[in-house]
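Note sheet for the following structure.
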Amino acid sequence: MSSTEKNKEDSLGYQIHVTGNQMRNNFNEFLKPYNIYTEQFALLCSLNEYGTSTVSQLAEYNYKDKTTISRLVDSLIKKEFILREPSPTDRRSYLISLTAKGEALYGEIGLCLEIYERKKEESVTPEEKAITIKVLTHLREMDMSQTIKQLQKDNAC
């Protein structure tokens, strides 16, 4: 094994990346018969949890930019899973909500998702789960923007 391969295998970022990709690919395979993808389903989950939302709110809930959310919204509107209506209080804004078809899809997939999640969680101890969530939350909440700016300023990267 080369030192580059060893560094990659020891890299937290690499391990998170490949694990996330594998989990997303597996879930996309599961979602294929429903003609929906993981990111689209995440919007349905947000709308189910938070109710009618703006694109900005959906972007915040899903850690995505508004342009990406807008594209996802457009695709889900075409599939008749969500509805976009003008906001009664802000004419520059639109409200996004689940349709009856979207609610039914969420309900059907949601039951399977619970089983899928339970199977993953059965493979780790409660302590391992707690530590993993704690570490991932910490990494997600870290603000690395200053470090990146300093590296760019120093021409280190």
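Values quoted throughout were computed directly from the atomic coordinates according to the rules given, and no laboratory measurement underlies them. These figures come from a predicted structure and were not determined experimentally. As a convention, Cβ positions derive from the backbone with ideal geometry for all residues, glycine included, and neighbour counts pool all protein chains shown.
Protection proxy ranking for 87-99, 50-62, using the average of other Cβ atoms within 10 Å per residue and placing the highest first: 50-62, 87-99.
Global dimensions of region 12-69 from alpha-carbon coordinates: Rg and Dmax equal 12.9, 36 Å. Along the axis of the charge dipole computed for the chain (Cβ charges of +1 for Lys and Arg, -1 for Asp and Glu, origin at the Cα centre), the listed residues LEU83, MET142, ILE109 are led at the positive end by LEU83. Projecting the Cα atoms of ASN28, TYR14, SER70 onto the charge dipole of the chain, computed from C-beta unit charges around the Cα centre, puts SER70 farthest toward the positive end.
In a simple Cβ point-charge model (Lys, Arg +1; Asp, Glu -1; nothing else charged), region 1-79 has a dipole of about 280 debye relative to its Cα centre. Given +1 at the Cβ of Lys and Arg, -1 at the Cβ of Asp and Glu and no other charges, the dipole of the chain around its Cα centre is 500 debye to the nearest 20. Which one, THR54, LEU44, SER123, is farthest towards the positive end of the dipole of the chain when Lys and Arg carry +1 and Asp and Glu -1 on their Cβ? Result: THR54. Working from Cα pairs under 8 Å separated by at least six residues, relative contact order for region 3-123 is 20 percent. Taking amide H as placed 1.01 Å from N in the peptide plane, TYR94 has its amide H under 5 Å from the amide H of VAL55, SER87, each at least 5 places away in sequence or on another chain.
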